[in-house]
Amino acid sequence: PADPQTWLQYQAIEKRALEHAALSVFTTPGAARIYRDRYPACASKVAVIENGFDEESFAAAEAARPEVASLTPGAITLLHSGIVYPDERDPTQLMMALQRLRVSGAIEPSRLRIRFRAAVHDELLKGLARECGVDDMIETLPAVPYRDALHEMRCADGLLVMQASNCNEQIPGKLYEYLRAARPILCLSDPVGDTASLLRRAGVDTIAPLDSVDSIAAILPRFVELVHAERAPLPTASCVENASRRGRTGQLVKHFDRCLARAHALL
């Protein structure tokens, strides 16, 4: 909060919560690190259980096979599913990289489509695409029901995640659904942030900083070729299994067991 008094009140509540809790659970390693550093006396009571995906939702989507917008024949369709926040997922450098690749001939416009589904800021995307002369490589489509969105992820040639360095301690919830979709993933994010770290643990190395035109221009042609040749890295089966909500619940059970064991030891 901007108001100093309110900030101090929030901090006091936060401090009491961590001191009195048997366990404090955070959804990213970066968030847990912040709180271990802020409250070192509570560090041993801080744990990480990341977000995950719902297997039943994917099973329902695969059984129903709802209609999704057709992919462009002959082109690799790279899907970004969800909101494009102007500050946290700024697409400017991506558009500039596409412009450079188009002008140099490194990527033919007919070979790549980037589809933004339910981006909310469609006019921003369209405006940037027009300015960079790549509007024929960009699609903006409205939101669809959740089951349809999951099915579209499964159908896309590749999946795009964008996360700026000011969100290094955050991981988009959508990324866990991307893991389950079992499609190639292009990650435009700070290589030292939690989003990129999660993908490296999953065996995915197609990563470049979101704010670097040079890096994006270097990785995009490589990614397109890997997808075309069906050699793009896919998330490992063990990582996908652990990222299911059933897998996350198993992690929570283990923490509960430890809390109970400590409590019984004190009796």
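The values are calculated or read from the model by the stated rules, or taken from the named source; none is laboratory data. Remember, it's a predicted structure, so these values are computed and weren't measured experimentally. Note that we place each Cβ from the backbone using ideal geometry, even for glycine, and neighbour counts take in every protein chain shown. These area figures cover heavy atoms from the full protein model, side chains too; ligands, DNA and RNA do not enter into them. Shrake-Rupley method; radii C 1.70, N 1.55, O 1.52, S 1.80 Å.
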Assess whether Cys239 counts as being surrounded by 13 or more Cβ atoms within 10 Å (Cβ to Cβ), under 25 Å from Ser165 (Cα atoms) and in contact with a strand residue (DSSP E or B) (Cβ under 7 Å, 6 or more places away or on another chain).
-> no
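Every residue, every condition in (1) surrounded by 15 or more Cβ atoms within 10 Å (Cβ to Cβ); (2) in a helix (DSSP H, G or I); (3) not charged (D, E, K, R), yes or no:
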{"position": "Glu19", "(1), (2), (3)": "no, yes, no"}
{"position": "Asp37", "(1), (2), (3)": "no, yes, no"}
{"position": "Ala59", "(1), (2), (3)": "no, yes, yes"}
{"position": "Glu67", "(1), (2), (3)": "no, no, no"}
{"position": "Gly74", "(1), (2), (3)": "no, no, yes"}
Among the residues of segment 21-32, is any under 27 Å from Leu179 (Cα atoms) and open to solvent by 80 Å² or more (accessible area, probe 1.4 Å)?
-> no
Just checking, which of Asp122, Asp194, Asp190 is open to solvent by 30 Å² or more (accessible area, probe 1.4 Å), of a type outside the set (S, T, N, Q) and in contact (Cβ under 8 Å) with a residue 24 or more places away in the chain?
-> Asp190
Counted residues in segment 1-17 being open to solvent by 80 Å² or more (accessible area, probe 1.4 Å) and either under 23 Å from Cys259 (Cβ atoms) or touching a residue at least 40 places away in the same chain (Cβ under 8 Å) (or both) come to 3
Somewhere in segment 40-51, is a residue open to solvent by less than 80 Å² (accessible area, probe 1.4 Å), free of Cβ contacts under 8 Å to residues at least 24 places away in the same chain and part of a helix (DSSP H, G or I)?
-> yes
Taking segment 123-147 as the search range and keeping residues that are over 20 Å from the mean Cα position of the chain (by Cα) and of a type in the set (Lys, Arg), which one is nearest to Ala60 (Cα to Cα)?
-> Lys126
Would you be able to say whether some residue in segment 60-67 is under 24 Å from Pro184 (Cα atoms) and either free of Cβ contacts under 8 Å to residues at least 24 places away in the same chain or in contact with a strand residue (DSSP E or B) (Cβ under 6 Å, 6 or more places away or on another chain) (or both)?
-> yes
Would you pick out the residues in segment 39-83 that are more than 24 Å from the chain's Cα centre (by Cα), closer than 30 Å to His20 by Cβ and not aliphatic (A, V, I, L, M)?
-> Tyr39, Pro40, Cys42, Ser44, Lys45
Checking Val227 against (1) among the hydrophobic types (A, V, I, L, M, F, W, C); (2) open to solvent by less than 60 Å² (accessible area, probe 1.4 Å); (3) more than 23 Å from Leu79 (Cα to Cα); (4) at pLDDT 90 or above, which test does it fail?
-> (3)
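Residues checked against (1) surrounded by 19 or more Cβ atoms within 10 Å (Cβ to Cβ); (2) touching a strand residue (DSSP E or B) at 6+ places or on another chain (Cβ under 7 Å):
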residue	(1), (2)
Leu141	no, yes
Pro145	no, no
Met162	yes, yes
Ser165	no, no
